[in-house]
1. Of chain A, which part is the longest with no GluC sites (Glu not before Pro) in a loop (DSSP not H, G, I, E, B) and with at most 15 other C-beta atoms within 10 angstrom?
2. Could you grab the relative contact order for segment A:277-407? Cα pairs under 8 Å, six or more apart, rounded to a whole percent.
3. Where the accessible area of segment A:568-617 is counted over protein heavy atoms with a 1.4 Å probe, how much of it, in %, is carbon and sulfur?
4. List the trypsin sites (Lys or Arg not before Pro) within segment A:1-110 that fall in a DSSP loop (any state other than H, G, I, E or B) and whose Cβ has at most 11 other Cβ atoms within 10 Å.
5. May I ask for the angle, rounded to the nearest 10°, between helix A:402-414 and the longest principal axis of chain A, with both axes built from Cα atoms and the value confined to 0 to 90°?
6. Suppose every K and R has +1 on its Cβ and every D and E has -1 on its Cβ; what is the size of the dipole of chain A about the Cα centre, in Debye to the nearest 20?
7. In chain A, what percentage of the DSSP-assigned beta bridges are antiparallel, given to the nearest 5?
8. Expressed as an acute angle from 0 to 90° and rounded to the nearest 10, what is the orientation of the C-alpha long axis of helix A:213-223 relative to the principal long axis of chain A?
Amino acid sequence: MPKYIPSEIEAKWQKQWQADNIYRAVIDPSQPKFYALTMLPYPSGNLHMGHWYAMTPSDARARYKRMSGYNVLFPMGFDAFGLPAENAAIKRNIHPRSWTYDNIQHMRNQLKSMGTMFDWQREAISCDPEYYRWTQWFFIELYKHGLAYRKYAAVDWCPHCNTTLAREQVVDDERLCERCDTPVTKRELEQWFFRATQYADELLRFDGIDWPEKIITMQTNWIGRSEGAQIFFPTESGDTIEVFTTRPDTLWGATFMVLAPEHPLVAKLTSPEQQPAVTAYAYQASRETDIEREATDKEKTGVFTGGYAINPATGKRIPIWIADYVLMSYGTGAIMAVPSGDSRDFDFARKYGLDVIPVVQPHNETLDGATMAAAYDGAGVMVNSGTLDGLVSNGEKGRKNPAIAAAIDWLVAQGAGAQSVNYRYRDWLISRQRYWGAPIPMVYCPTCGVQPVPDEQLPVTLPDDVEWKPTGESPLKFHPTWKHTTCPCCGAPAERETDTMDTFMCSSWYHLRYLGPQDTTAPFPADEYRYWMPVDSYTGGAEHATMHLLYTRFFHKALRDMGIVSGDEPMLQLRNQGIILSTDGKRMSKSRGNVIDPDEKVRTYGADVVRAYLMFGYRWNEGGPWNDSNISGVVRWLNRLWDVVHDTQAGGGTLSAEQSRALQRKTHQTIQKITRQLETFEFNTVVSSLMELTNAVIETKDGAGSPAFREAICTLLLLTAPVSPHIAEELWALLGRPYSIHQQAWPQADEALAREDELELPVQVNGKLRGKIVVPATADTPSIEQAALQSDAVRFLEGRPAKKVIVVAGRLVNIVG
RNA sequence: GCGAACGUGGCGGAAUUGGCAGACGCGCAUGGUUGAGGGCCAUGUCCUGCAAGGGGUGUGGGUUCGAUUCCCACCGUUCGCACCA
């Protein structure tokens, strides 16, 4: 018998599959389609175990779908623009292009070594000019539809990457750059934005898509929709302060106002005598990092401006303060302070001796502003609120709360405010001051202003001859000629935009480019779109929850409204894998020196083993540490599978009727189980079930000539094919079955064969297991009850009569006595 | 601080969702095997007890004929949010 040497059969079959082009996906209207998508890698140089962990089960599932009769599209590409390429250029003087394409070449081979069914003819690389031509075209379309605009704003800046970042790319309490963990600072710059907030409400709806609750929650929190009212407070200086509040019903208790120290009205409102204190406080606040400012447990501080506003409900003069607990970045940067109803305002009022007037009172209590020990923000009855006294504030948000509804109506009638919705979500900042990205295709003309580059001049390509400055300024800006062009409008000399686009722009539509990566007339062919989209199953990491996964939804909706795509959502189902850790239980990283190299594991064990182990050893959505001793269980399994197929290849021997029946039953039960487990992403039990069937086959190998055995072993190989495609193909060929196993139909379970003939039912007495009975599977409740009462177990009743007998069909019997 | 998820042998993890806890593996133990291979095969392996039995799914309570599963409180781990007006 030949030995199982993975490297030999794996290379052989990969070559064969490629030569026969068996993974080519083309439109076939006669077949139902299935678009399986797994997140594309950044070509950093090497595939790591995380890629294998994410992609292998996705591949197995795509293979299973294909065998189940679907026409499956399972493409792969590279998210190839980005900073590491540029850093390599600065550090080692290698051009980002050659660095990137060398890495792609290497990683493409690595991806092929996994034995995946990617259709490489659909490969898309986001830094190809033919790709980013359409990234630029989309930008212009967005611009033409008013969804891209330029704005001067205080934006997040990473001093290490030397570029601005979108808010989503600033992570953690410490406000670190998502790529390099450098603390982010603020800069005032003119930048391009996408009007993502226009879709805020729609992005909050997840109807018809099957996404993890966790991602939905994160996106919902990120968008941060609050219902309430905007209220205008006149001031004695003549300016109006606009505030947003979710509790307009507490307006009558607003005894002071607080502005963020950076609020534009601060200077005007401040009285001469308060000027020094206000200036000092604002300076102090501006020096503090956002970490310090946002620490929840920090004691509230603030300074009186000397200015006063009028509470539009009570007509009273109320003092205006500045305090750093009010953030310029949220709402209007100003609040009405209601100390009786808000704990932050309460702390502030007590510290500075400001009035506290209760306006919502618990039903069975009378609050006294002078003595109350804490703010009350629960449900209650309105008091001290003029005509609204006696209304019930029921604790609900928005108009569902009668007190809020009445307050909004009152505000509108008085012309003092309006119903309003506020979002935490901000427009997507997409300008990046870097070289290795898609140039923003805009031209600045001294007479015509901002002009998009005409379609026929796309792509605006990156120049090769640039100088790498370790200062990090974009080489495009300093290129001697590149930025000089002519105005597409008047033909006069004009300048190009020198910023490039956020690479998340490229990855917002890559699933569309797979539909026709060679298309030179459109971003994707319409017929391909009609057939393949939307993506049926998308897999990838949860870390993209508020970045890629939100951007791509926005992008799709914007494209839909521009008439470029159809349907409301790009990806119907989303599932997230966990993270594969190193043997020390820590995240793998070059700096820790604990990286597990997949190439090395493939050399040692073979791709089939690594694939099966990654599916077998973990709950896929949780991940866990790599374990070299656990993998040996999978090595043994595939060796035993190899051995038993070779051993029994010639047939010979028969099984008793009983043995045949039992093996058939196991075979068909396994089909049922594995089909269900693949559908539900329970890959660890898929492999357990395969091992069980392998064990059953080995136990009956003396009956290798029997039809039940032949069926079992063929079924076993078919069920193994998605998990370990090479060995399955090799053994399938050994049995003389038609090539390729991956083009065979998925086995169908026969209910009748899967069914048990008789059942061994546990018999409990008072809930404790006391014995077993064997009954025909068809036995009815009375006969099961009879059998249980006649069994040995009843001795545990110790002579008492059975008060009740509970028979659970097919499960157990419990005698209560 | 708020919210969510999770907590099962020495280890990774099962349990058809309220019905035999520990499937499938790893590891370990004992035995076998002159086919030297990352060996393989057989048997055993939650704790306790000679046994019948008793106990056992983070801890304590509850619901139920019956709870790893449902409810309450607490402890722990992970993740998300964090002065959001």
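The values are calculated or read from the model by the stated rules, or taken from the named source; none is laboratory data. Fair warning: this is a prediction, and the values are worked out from it, not measured in the lab. Glycine gets a Cβ as well: all are built from the backbone with ideal geometry, and neighbour counts include every protein chain shown. Each accessible area value is taken on the protein alone, full model and side chains, heavy atoms only, with ligands, DNA and RNA left out. Shrake-Rupley method; radii C 1.70, N 1.55, O 1.52, S 1.80 Å.
1. Values: sites that count: A:Glu174, A:Glu236, A:Glu288, A:Glu299, A:Glu365, A:Glu396, A:Glu467, A:Glu473, A:Glu622, A:Glu756, A:Glu798.
Formally, the longest exposed-site-free interval is A:1-173.
2. Details: 184 pairs, mean separation 17.3, N = 131.
Here the relative contact order equals 13 percent.
3. 46
4. The qualifying sites are A:Lys3, A:Arg24.
5. Roughly 40 degrees, rounded to the nearest 10.
6. Details: 83 positive and 98 negative charges, 232 e Å.
Value, rounded to 20: 1120 debye.
7. 75
8. Approximately 20 degrees, to the nearest ten.
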